[in-house]
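Trainee: One structure is given below, represented as structure tokens, and several questions about it will come after.
The values are calculated or read from the model by the stated rules, or taken from the named source; none is laboratory data. On a predicted model such as this, the values are computed, not experimentally measured, just so you know. Neighbour counts run over all protein chains shown; Cβ positions are idealised from the backbone, glycine included. Protein only, heavy atoms only, side chains kept; ligands, DNA and RNA dropped before computing areas. Shrake-Rupley method; radii C 1.70, N 1.55, O 1.52, S 1.80 Å.
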Amino acid sequence: MLRKQIGWKFDNTYSNLSQSMFSKLNPIPVKAPELALFNHDLSKEIDLDFSQINNKELALIFSGNQLPEGSESIAQAYAGHQFGHFTILGDGRALMIGEHLDKNKKRYDIQFKGSGKTPYSRNADGRAALGPMIREYIISEAMNSLKVPTTRSLAVVKTGEDVVRETILKGAILTRIASSHIRVGTFQYALISKDKNDLKSLFNYTLNRHYPDLKKSKSPAVDLLKVVLEKQIDLICNWMRVGFIHGVMNTDNMTISGETIDYGPCAFMDKYNPDTVFSSIDHQGRYSYYNQPRVAKWNLERFAESLLPLINKDSEVAIKIATEVLKEFPKKYKKKWLEMMKKKLGLIGDDPKDEQLIIELLSWMHQNKADYTNTFCYLMKEYKQENEIYNEKKFMLWKKKWENRIKLNNVSQNISLKIMREVNPLIIPRNHFVEEALNYAAEKNDLSKVRELLKVLQNPYDDIATNSAYQSPPFSEKNYMTYCGT
Ligand code: AMP
Ligand code: MG
């Protein structure tokens with residue numbers, strides 16, 4: 001009955017893979033589910049209609065207490081290099097409740113995060129706290145509005161149960177939507193499986209699901225590596241564009257689809273510093289802003305290793321072929337990054353001094369602790385607060401050079417400005433606003449600030465007068481710190 005009204009169209013295919021790749025189990029029911037957030041826009045986008053379903057029923061569904069008909073929940077197995085060390089992992093606190101097809105047969109994983117222990121939980125409780133789940137909801141939805149490929153967030157339900165961390169916190173379950181949850185780590189897991197067919201099956205499944213055109217290829221494994229490399233370069237350039245720092249780029253947190261996944265210790269950079277790290281556990285700065293492209297390449301090397309048996313029977317030949325593909329990364333990344341930065345500055349055509357112009361601006365921002373987002377807003381005349389820093393002599397000289405370069409575009413200034421407006425957000429989820437909203441939610445049980453922030457973040461490129469307060473960087477110089485989302 002419910003299924004008919006809502007429009008669930010489950011077609012669960014991942015469980016056709018070998019049983020070593022997942023475990024079937026149900027979410028562990030929770031005591032008192034209560035809806036915190038629900039994303040009606042997203043539900044419509046994927047052709048689900050919850051308009052006839054009240055909040056109580058939504059809470060029952062998205063806590064896992066009442067699974068929709070047609071759902072078959074599984075925890076997926078995977079491995080991963082965490083901070084460089086290989087580990088067997090898997091969904092320790094997540095369950096995929098099914099794959100849903102929209103009207104165009106586009107396939108989405110519907111996944112709960114915080115739904116209880118699984119065979120992969122190791123010693124942890126399988127649960128999640130309200131703050132980090134709302135945080136993932138806010139940041140992932142902000143990323144989507146910023147036009148960065150990402151998993152999405154459909155709902156957050158409070159469980160009515162406590163979770164014990166350093167303090168006692170409220171428990172919650174997030175419903176995450178992804179084009180799939182196949183990770184580099186999933187391939188690493190299949191590679192070391194006792195059953196040699198597991199890798200081939202996962203590979204075929206991935207082609208069918210994400211890259212069906214490659215099925216016709218003469219060397220599909222090499223081509224998969226190439227296409228994932230392109231996707232990751234595109235993704236990282238998008239992160240660099242908006243100042244996003246993922247914070248935990250382990251191979252289990254890198255998708256084959258090219259979507260950003262796993263919003264744990266991630267955060268947006270305020271003042272420009274390439275060495276910025278927010279995560280409390282990243283002492284070496286392995287996942288700093290500047291290192292992100294390098295780490296992506298490192299992760300792709302692990303992906304390539306997993307594909308070797310499918311590239312060529314002779315491992316030495318396979319290594320040679322894969323190495324050739326990976327060798328292209330720096331050149332390809334540099335090209336994409338330069339294109340992206342040129343757009344941020346509204347530069348059209350090629351001038352031999354373009355790269356230098358960009359580097360000079362970044363160095364100035366770094367030396368003067370200028371806000372990354374707002375500096376581009378200032379150049380677009382979209383930042384009107386605290387502009388004193390931009391009267392600095394070196395900056396004014398740079399700006400003159402930039403204005404002269406813009407003239408070489410040979411098009412009206414409005415066209416340059418239009419290019420800039422498309423890639424430079426006015427609004428990002430600034431850490432101090434996110435924290436303030438989360439504090440209200442967790443401590444005062446008041447979600448109004450979260451909702452207000454979510455609304456503002458829906459239109460990051462639009463000049464909306466009432467949103468301009470959200471452009472403010474934090475008052476305090478204190479370094480922001482994030483924690484692995486638990
Ligand atoms: P993450 O850092 O979120 O990518 O998580 C790394 C691994 O730890 C994944 O296998 C998670 O499922 C697992 N994990 C994280 N938190 C918990 C928890 N509270 N209970 C069980 N497993 C967890
Ligand atoms: Mg993860």
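Trainee: Run lengths n ≥ 4 of DSSP H only: what is the helix-derived mean residue ellipticity at 222 nm for the chain, with -39500 (n - 2.57) per run over all residues, to the nearest 500?
Mentor: Details: 16 runs with 199 residues, N = 486.
Roughly -13000 deg cm²/dmol at 222 nm, from the helical runs in the chain.
Trainee: Count charges around residue 121 for me, please; just the other residues with Cβ under 14 Å from its Cβ, Lys/Arg as +1, Asp/Glu as -1.
Mentor: On the way: positive: 93, 113, 117, 122, 127; negative: 91, 125.
Here the count lands on +3.
Trainee: Segment 109-192: which GluC sites (Glu not before Pro) are DSSP loop and have at most 15 other beta-carbon atoms within 10 angstrom?
Mentor: Details: sites: 136, 141, 161, 166; in loops: 166.
Answer by residue number: 166.
Trainee: Further question: Out of segment 298-399, which trypsin sites (Lys or Arg not before Pro) are coil in DSSP terms and have no more than 15 other C-beta atoms within 10 Å? Intermediate values should be presented prior to the final figure.
Mentor: Working: sites: 302, 313, 320, 327, 331, 332, 334, 335, 336, 342, 343, 344, 353, 369, 381, 384, 393, 394, 399; in loops: 313, 353, 369, 381, 384.
Taking segment 298-399 and a limit of 15 other Cβ atoms within 10 Å, the loop trypsin sites (Lys or Arg not before Pro) found are 313, 353, 369, 381, 384.
Trainee: A further question on this structure: Measure out, as a whole number of angstrom, how far apart the alpha-carbon centroids of segment 274-337 and segment 114-168 sit.
Mentor: The distance from the Cα centre of segment 274-337 to that of segment 114-168 comes to 28 Å.
Trainee: Continuing with this model, one more query. Using the Cβ atoms and a cut-off under 10 Å, what net charge is assigned to the surroundings of residue 11, where Lys and Arg are +1 and Asp and Glu are -1? Don't skip to the end; give the middle numbers.
Mentor: Numbers: positive: 9, 105, 107; negative: 99.
Spelling it out: positives minus negatives among the neighbours equals +2.
Trainee: Relative to a virtual label point 7 Å from the Cα of residue 54 in the Cα→beta-carbon direction, which members of segment 10-33 show backbone nitrogen distances below 18 Å?
Mentor: The answer is 32-33, whose backbone nitrogens lie closer than 18 Å to the label point.
Trainee: Same structure again: Can you give the FRET efficiency for residue 28 and residue 165, using 1/(1 + (r/R0)^6), R0 = 25 Å, r = Cβ-Cβ distance, to the nearest 0.05? Let's see the in-between values first.
Mentor: Numbers: r = 18 Å, r/R0 = 0.74.
Computed FRET efficiency for residue 28 and residue 165 comes out at 0.85.
Trainee: Something else: Under a plain spin-label model, where a point goes 7 Å from the Cα along Cα-to-Cβ, how far apart in nm are residue 192 and residue 408?
Mentor: So the two model labels end up 5.1 nm from each other.
Trainee: Still on this structure: At 1.4 Å probe size, with every protein chain present, just tell me what the per residue accessible area of the chain comes to in Å². Walk me through the numbers on the way to the answer.
Mentor: Numbers: 22170 Å² over 486 residues.
With the other protein chains kept in place, the chain gives 46 Å² per residue.
Trainee: Can you give the FRET efficiency for residue 418 and residue 281, using 1/(1 + (r/R0)^6), R0 = 45 Å, r = Cβ-Cβ distance, to the nearest 0.05?
Mentor: Result of the calculation: an efficiency of 0.60.
Trainee: For segment 12-47 and segment 437-480, what is the separation of their Cα centres, given in Å?
Mentor: 29 Å
Trainee: Quick check: residue separation of residue 476 and residue 389 times 0.36 nm, minus the Cα distance between them. What number comes out in nm? If you can, show how the numbers build up before the last one.
Mentor: Numbers: separation 87, 0.36 × 87 = 31.32 nm, distance 1.67 nm.
The span from residue 476 to residue 389 would gain 29.7 nm if fully extended.
Trainee: In addition: Averaging the inverse of every distinct alpha carbon separation and then flipping it gives the Kirkwood radius. What is it for segment 338-423, in angstrom units? Walk me through the intermediate numbers first.
Mentor: Working: mean 1/r = 0.0762 Å⁻¹.
One over the average 1/r among Cα pairs gives 13.1 Å for segment 338-423.
Trainee: Still on this structure: Counting Lys +1, Arg +1, Asp -1, Glu -1, what net charge surrounds residue 212 among other residues with beta carbon under 14 Å of its beta carbon?
Mentor: Values: positive: 105, 106, 107, 209, 215, 216; negative: 213, 223.
It works out to a net charge of +4.
Trainee: Under a Cβ-only charge scheme (Lys and Arg +1, Asp and Glu -1), can you give me the dipole magnitude of the chain about the Cα centre, in debye to the nearest 20? Present the calculation step by step, with values, prior to reporting the outcome.
Mentor: On the way: 69 positive and 58 negative charges, 185 e Å.
Its charge dipole is roughly 880 debye.
Trainee: Calculated FRET efficiency, residue 40 and residue 448, Cβ-Cβ r, R0 22 Å, to nearest 0.05?
Mentor: Working: r = 17 Å, r/R0 = 0.79.
The formula returns an efficiency of 0.80 here.
Trainee: Quick one: with all protein chains in place, what share of the accessible area of the chain is carbon or sulfur, to the nearest percent (1.4 Å probe)?
Mentor: Working: 11380 of 22170 Å².
On the chain, the fraction of accessible area on carbon and sulfur atoms equals 51 percent.
Trainee: Now a separate question. Test of understanding: what is the full-extension gain from residue 458 to residue 335, defined as 0.36 nm times their sequence separation minus their Cα-Cα distance?
Mentor: Details: separation 123, 0.36 × 123 = 44.28 nm, distance 2.96 nm.
In short, 41.3 nm is gained.
Trainee: Also: Taking the DSSP beta bridges in the chain as the whole, what percent of them are antiparallel, to the nearest 5? List each step's numbers first, then the result.
Mentor: On the way: 40 of 42 bridges.
Around 95 percent antiparallel, to the nearest 5.
Trainee: While we're on this one: Taking a ≥ b ≥ c as the square roots of the Cα gyration tensor eigenvalues, with a/c under 1.5 meaning rounded and otherwise prolate when a/b beats b/c, else oblate, which class fits the chain? Mind showing how you got there, number by number?
Mentor: On the way: a/c = 1.81, a/b = 1.23, b/c = 1.47.
Oblate, because a/c is 1.5 or more while a/b does not exceed b/c.
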